[in-house]
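**Q** Quick one: the structure is below, questions incoming.
The values are calculated or read from the model by the stated rules, or taken from the named source; none is laboratory data. This is a predicted model, so every value here is computed, not measured. Cβ sites come from the backbone with ideal geometry, for glycine too, and all protein chains shown count toward neighbours.
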Amino acid sequence: MTAIRLENLVKRFGGFTALKSMDLSIGDGEFMALLGPSGCGKSTTMNMIAGMEEPSEGRILFGDRDMAGVAMGRRGVGFVFQNYAIFTHMTVRQNLDYGLRMARSPKAEIARRTAAIADLLQLGDLLDRPASGLSVNILQRVAIGRSAMMEPAIFLLDEPLSNVDAAFRAVMRTELKHIQREFRQTMVYVTHDQLEAMTMADRIAVMDHGVLQQVGTPLEVYNNPANVFVARFIGAPGMNLLAGVPVEGAEGLRIDLGALGRSAVLDAPLAAAARRAKGGVQFGFRPEQVDLVAAGAGLGMTVGFVERIGARTIVHLERDGITAKAVFDNDTRVLVGDLVHLAPHPGALRLFDAATGAALREV
């Protein structure tokens, strides 16, 4: 196993800065997801870790070893791409054991590792099949197995499940985690799909426009987003963010939400955070963390659209140009045009500075 440390890492392509001074430590044997929208710099970061690109500034260390000038083939890194890049003229077995054969490993060792990987990835019945006749799902499984066969200390995966169907992605999320635990590798996984990151990673590094926004466990970035970008990007749907102004009253501090009225009185830590705002705030709450309440309580909004998705119902709400979403069980009875009243769970409220977008938290 090998820890990875990125220190003040910068990458420029001509006049364009793809990555802006990134500092990130990935622990020995940790599963780290680099998560963000297209163009955020996550693949560029992975390419530099792999040795496919050289940093413009900063350092990459594997353990205590500086990787400056170290060729990709000497880094002990396994790489799986979005495009599986399988040798279609070979069988599954020949694809899996290709790296070991090129390294002239003993035949017994090649057979042992091939059998183990084939069993782990459920490829045993396909070992002697030509790769050219297999589905995209199976070919990507073979590509992952081929890299895993080399038992690299560091395993890099760049959107490996983007081209496969939804059912297969669900299976592979489990199998990739099993591979990582089996070989105790340090794994870095690039994805724009938050479900992949949330279900597999030990920690997530959220990126946007070449800037590292937040690093934390899946629950940390979900429950306590560092800024409005993370709040909106994490979650399906993302966090509701309503423009408001802190207002002091006899009972305590509330947030004036314009046409929606005023929030319930904030608890002491949240009120202290609100008082540090430079002006207005963004009043945040997760769509899953609300209750329907009686008329006259909560935030009154009109139902504009209802999505019934299996066990969940996503309700789209609007009032005077203010929009929000709420998620309920599938037996919740709401109809388009209904006026409903929502009460966000008090402990789930989050505030963000309207000027900077940064989370406001108790000091």
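**Q** For the range 290-318, enumerate the residues that are surrounded by fewer than 18 Cβ atoms within 10 Å (Cβ to Cβ) and in contact with a helix residue (DSSP H, G or I) (Cβ under 8 Å, 6 or more places away or on another chain).
**A** If the condition is that a residue be surrounded by fewer than 18 Cβ atoms within 10 Å (Cβ to Cβ) and in contact with a helix residue (DSSP H, G or I) (Cβ under 8 Å, 6 or more places away or on another chain), then 300 is the only one that fits.
**Q** What tally of residues in the range 152-179 results from selecting those that are of a type in the set (S, T, N, Q) and under 17 Å from the mean Cα position of the chain (by Cα)?
**A** Going through the range 152-179 one residue at a time, the tally reaches 2.
**Q** Kindly indicate the residue of the range 119-130 that is modelled with pLDDT of 90 or more and among the hydrophobic types (A, V, I, L, M, F, W, C) and also nearest to residue 90 (Cα to Cα) among those meeting that condition.
**A** Step by step, filter the range 119-130, then rank; the result is 127.
**Q** With respect to residue 280, determine if the residue is modelled with pLDDT of 95 or more and in contact with a strand residue (DSSP E or B) (Cβ under 7 Å, 6 or more places away or on another chain).
**A** no
**Q** Somewhere in the range 36-50, is a residue free of Cβ contacts under 8 Å to residues at least 24 places away in the same chain and more than 21 Å from residue 14 (Cβ to Cβ)?
**A** Looking for residues that are free of Cβ contacts under 8 Å to residues at least 24 places away in the same chain and more than 21 Å from residue 14 (Cβ to Cβ), one finds none in the range 36-50, hence no.
**Q** Do you know which of the residues in the range 310-363 that are without any contact (Cβ under 8 Å) to a residue 60 or more places away in the chain and of a type in the set (D, E, K, R) is nearest to residue 274 (Cα to Cα)?
**A** Result: 318.
**Q** So, residue 64, is that one surrounded by fewer than 14 Cβ atoms within 10 Å (Cβ to Cβ), touching a residue at least 24 places away in the same chain (Cβ under 8 Å), charged (D, E, K, R) and in the same structural domain as residue 210 (by TED's automatic domain parsing) or not?
**A** Considered against the rule, which asks whether it is surrounded by fewer than 14 Cβ atoms within 10 Å (Cβ to Cβ), touching a residue at least 24 places away in the same chain (Cβ under 8 Å), charged (D, E, K, R) and in the same structural domain as residue 210 (by TED's automatic domain parsing), residue 64 comes out as no.
**Q** Right, another one. Here are some residues: 232, 184, 254. Which one is surrounded by 15 or more Cβ atoms within 10 Å (Cβ to Cβ) and in contact with a Gly (Cβ under 8 Å, 6 or more places away or on another chain)?
**A** Selected residue: 232, the only one of 232, 184, 254 that is surrounded by 15 or more Cβ atoms within 10 Å (Cβ to Cβ) and in contact with a Gly (Cβ under 8 Å, 6 or more places away or on another chain).
**Q** Identify, from the list 236, 205, 170, 143, the residue that is in a helix (DSSP H, G or I) and either out of contact with any Pro (no Cβ under 9 Å at 6 or more places or on another chain) or closer than 30 Å to residue 361 by Cβ (or both).
**A** Checking each option against the conditions leaves just 170.
**Q** Determine whether the range 208-220 contains at least one residue that is crowded, with 21+ Cβ neighbours inside 10 Å, farther than 18 Å from residue 351 by Cα and assigned by TED's automatic domain parsing to the domain that holds residue 20.
**A** yes
For every residue, the table says whether it meets (1) under 25 Å from residue 174 (Cβ atoms); (2) touching a Lys or Arg at 6+ places or on another chain (Cβ under 9 Å); (3) among the hydroxyl-bearing types (Ser, Thr, Tyr).
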| position | (1), (2), (3) |
| --- | --- |
| 92 | yes, yes, no |
| 96 | yes, yes, no |
| 99 | yes, yes, no |
| 105 | no, yes, yes |
| 111 | no, no, no |
| 117 | yes, yes, no |
| 120 | yes, no, no |
| 123 | yes, yes, no |
| 128 | no, yes, no |
